[in-house]
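Encoded as structure tokens, the structure appears first; notes follow it.
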Amino acid sequence: MLRVLTYNVRRCLGADGRLAPERIAAVIAACRPDVVALQELDVGRARSGGVDQAEAIAAHLGMRSHFHPAMQVMEELYGDAILTPLPSRLVRAAALPGREGLEPRGALWATVTAGDIEVQVVTTHFGLDRHERRAQAAALLGPDFLGAPACRDPVVLLGDFNALPGSGVHRRLAARLPDAEGVRRAWARPTFPARLPLLRIDHVFVSRGIAVRSVRTLGGKLARVASDHLPLVVDLDLAPAAARSGAATRTLSPREEPA
């Protein structure tokens, strides 16, 4: 089994106004994931005390970090990361199309070796404008990322897509990699805003050879204050579905852990 988690951490700024990478790490550690995708990390930024948040969280978790700055101003960086304790290698990190005046966006792709299986893991954080999201989805599906010959199954795509289940962008991505939970069930586990979740804009998409064992949001008091998103946690069986009896059946866990 491989447990993956995607989490928009809002530069580790909690609802109480406190910057606390260690609190984000504690939320993540509670579910013991194998692969972590994080969005909205500050690295060397004055507003966050100059901390390398990707490395700080990785150190708390005993993981290695692959970071990509979607935005850079002088020495200050802001972007996304993949963390894992498993053997891993960064394949590509690049900017995604955007619109002038809007926050830059990017994506990164790493290989993660689980047992004797090499998994292609891609994470991103799409924009707020629907036109730029369409362009970003097209780029992600193109030859630099999911369309690359080396991006062969098994593949996991996860992150903050700022797109609701069933939206055009969601449908386009799901045509290449199905949503781990399916469109209908995805509404049952909202991830934003953390204190009173109403919307599902964080998603995990997986290649068809992966069996999904469970999907859940990570709730509880700590998670509700640590960021403005809740983490989304998915347990995966990487064995080819065709080789498993009854692998087409998906078992879903309860909606959310109690607060």
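Please compute the length gained on full extension between A59 and L164, using 0.36 nm multiplied by the number of residues separating them and subtracting their Cα-Cα distance. Each step should come with its number before you reach the end.
Details: separation 105, 0.36 × 105 = 37.80 nm, distance 3.28 nm.
Length gained, A59 through L164: 34.5 nm.
Label zone (L86, point 7 Å along Cα-to-C-beta; backbone nitrogen cut-off 13 Å) within the range 105-136: 110-122.
The helix-only estimate of mean residue ellipticity at 222 nm for the chain, built from DSSP H runs of length n ≥ 4 each weighted as -39500 (n - 2.57), is -5000 deg cm²/dmol after division by the residue total. Under a Gaussian network description of the chain, with springs only between Cα atoms under 10 Å, the residue in P165, P143, P97 that fluctuates furthest is P143. In terms of its C-alpha gyration tensor, the chain has a rounded overall shape, because the principal axis ratio a/c (a ≥ b ≥ c, square roots of the eigenvalues) stays below 1.5.
With R₀ set to 41 Å, the beta-carbon distance separating M1 from L196 gives a calculated FRET efficiency near 0.85.
At 0.36 nm per residue, minus the direct Cα-Cα distance, what do D237 and R99 gain on full extension? Give it in nm, one decimal, please.
Details: separation 138, 0.36 × 138 = 49.68 nm, distance 3.83 nm.
Extra length available between D237 and R99 comes to 45.9 nm.
Estimated at 0.36 nm per residue, the fully extended path between V73 and A26 surpasses their Cα-Cα distance by 14.0 nm.
Assign one of three labels to the range 1-97, namely rounded, prolate or oblate, based on the Cα gyration tensor with a ≥ b ≥ c the square roots of its eigenvalues; rounded applies when a/c is under 1.5, prolate when it is not and a/b is larger than b/c, and oblate otherwise. Walk me through the numbers before you get to the answer.
Details: a/c = 1.87, a/b = 1.15, b/c = 1.63.
It comes out oblate by the Cα gyration axes.
Once all protein chains are placed together, Y7 keeps about 0 Å² accessible to a 1.4 angstrom probe. Legend: residues L90, L177, L196, sorted from most to least accessible area (1.4 Å probe; ligands, DNA and RNA excluded), read L196, L90, L177.
The values are calculated or read from the model by the stated rules, or taken from the named source; none is laboratory data. The model shown is predicted, which means the values in this text are computed figures rather than measured ones. Glycine gets a Cβ as well: all are built from the backbone with ideal geometry, and neighbour counts include every protein chain shown. Protein only, heavy atoms only, side chains kept; ligands, DNA and RNA dropped before computing areas. Shrake-Rupley method; radii C 1.70, N 1.55, O 1.52, S 1.80 Å.
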